[in-house]
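The values are calculated or read from the model by the stated rules, or taken from the named source; none is laboratory data. Here the structure is a predicted model, which means the values were calculated and not measured. Please note: Cβ atoms are built from the backbone with ideal geometry, for glycine as well, and neighbour counts cover all protein chains shown.
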């Protein structure tokens, strides 16, 4: 599978601006359906072409998106989920994000997330291969700086504890 190139995708804000140039009365309504319950976020976006369509609850398109705590992007779940829902809604209207092939529904933000997920470093696996406490300390600092999850950091610390309680020296 070829790697996603975020540069090949238009950001949601660019597509939204393009849509608003065509439909000057366009309005976007978003709803956070699930807000951080069990680490899950769910958003719905609806686009109306006119105020009359909105009053009659007749959206031109809708789009849904979700985010999960502890994923590749750990901050801004609400912002990412809402933006992705708007991007999917725009794609359903025909304003796709792919600059090369106008058939995809992936947003620039989703492409970036896909790359981060695909290239995510396995910190726990690396920790399991470490032979010294000093190596684990360096790995922990790197993992922490590069956005490892709290669970991953906890597992690296647990591996370090094996060295200190098991009599191994670093």
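Some points to look at:
- Residue list for the range 15-61, restricted to those being surrounded by 15 or more Cβ atoms within 10 Å (Cβ to Cβ) and assigned to a helix (DSSP H, G or I): 15, 16, 19, 53, 54
- Number of residues in the range 12-40 that are more than 20 Å from the chain's Cα centre (by Cα) and over 15 Å from residue 84 (Cα atoms): the value is 11.
- Test result for residue 70, within 30 Å of residue 152 (Cα to Cα) and either modelled with pLDDT of 90 or more or touching a helix residue (DSSP H, G or I) at 6+ places or on another chain (Cβ under 9 Å) (or both): yes
The rows are residues; the columns are (1) at pLDDT 95 or above; (2) in contact with a helix residue (DSSP H, G or I) (Cβ under 8 Å, 6 or more places away or on another chain).
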site	(1), (2)
3	no, yes
8	no, yes
13	no, no
19	no, yes
35	no, yes
40	no, no
46	yes, yes
